[in-house]
Structure formats: C-alpha cells, structure tokens
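Structure in structure tokens, see below.
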Amino acid sequence: MRYPTGSIVGVLALAGVFSWGCTPAPSSTASAESASHVEHIEGSDLSRVTLSERAMERTGVETARVLERMASRYGSARLSVPYSALLYDTAGRTWVYTSPEPRTFVREEVVVDYIEGDVAILSSGPTIGTVVASVGVAELYGTEFEVGH
C-alpha cells in the first residue's frame, strides 16, 4: 500500500508536536534540595535549618522578637512571644524557632506559663530581643525533620 509523502510528513510532524508537550518536566528534587539546608548541631538533638530566599517567600515564614511584657497574673515583666511562634512536639514539649541569622532557624525549648490572647507568657525561653519565627513554624519543623523527603 502506498501513502502519499505529504501524509507521512504530516503524521510525523503531528507526532513531534504531541511528544514535545509530553516531555517530562524538570525534576523538582533539585530545586527542593537547594531550597533548604539542614545541618545537625553537634552535641545536641537539634539542627540548624537554613532556607533559600525563594523558600522563605514560598513558605511565608515571618519573624517577631521576644519581648518583655507586663504579666497580668503577676504584675511583673515576663518574657513573651506571639502564640503563633509556639510548637508542641509529640512528647508535649514546647518550642520556638529562634533565628540567629537571616533565613536560619534553630529550635529552642521554652516553658509557657500561660496564654493571654494571642501572646504566650514564658517562664523560660530565649532572651529579650531574640528573633523567633512567628509564622511558618510547622513548615520549619517539617523541614528540620525532612518530612516528605
């Protein structure tokens, strides 16, 4: 059976167009690997999480400072952080992510005395002025423990 030459060329061109649209997308693994870096802190169970600029934007991580606030229960100043900065682990311990450098986060245990509105009054925690993550805390925790990798 003979096919006209123009038909074969047309079928091949059409097949090329469809196969071009079906090429696999570049692997997102490479971009995910460069989005964050997790480094174990020797002598502890903690890690240092460093996010790329793009990862900071994508996860929406925001920061606030540890403040000294008048505690209504005691009538004296206490450490405070936004309630959203708190992270509770499966053992019931409470943490915040401090930010010793831009885009770098380290988990630090805190003791919450009580919650007043959207503020956590602490019995112990980072010093006044320490930068802590206040939004995106769960994303940092997932990154630290490489959830989904």
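Rounded to the nearest percent, how much of the accessible area of the range 42-149 (1.4 Å probe, protein heavy atoms only) is carbon and sulfur?
49 percent
Ordered by packing density, taken as the mean number of other Cβ atoms within 10 Å over each peptide's residues, highest first, how do 83-92, 38-47 rank?
83-92, 38-47
Treating only the Cβ of Lys, Arg, Asp and Glu as charged (+1, +1, -1, -1), what charge dipole size does the range 31-149 show about its Cα centre? Round to the nearest 20 debye.
Roughly 380 debye for the range 31-149.
Per residue, how much accessible area does the range 40-104 have with a 1.4 Å probe, in Å²?
Roughly 63 Å² per residue, with all protein chains present.
The values are calculated or read from the model by the stated rules, or taken from the named source; none is laboratory data. Note that the structure is a prediction, hence the values are computed from the model and not measured. Reconstructed Cβ throughout: ideal geometry from the backbone, glycine too, with neighbour counts over all protein chains shown. All accessible areas refer to the heavy atoms of the entire protein, side chains included, with ligands and DNA or RNA removed. Shrake-Rupley method; radii C 1.70, N 1.55, O 1.52, S 1.80 Å.
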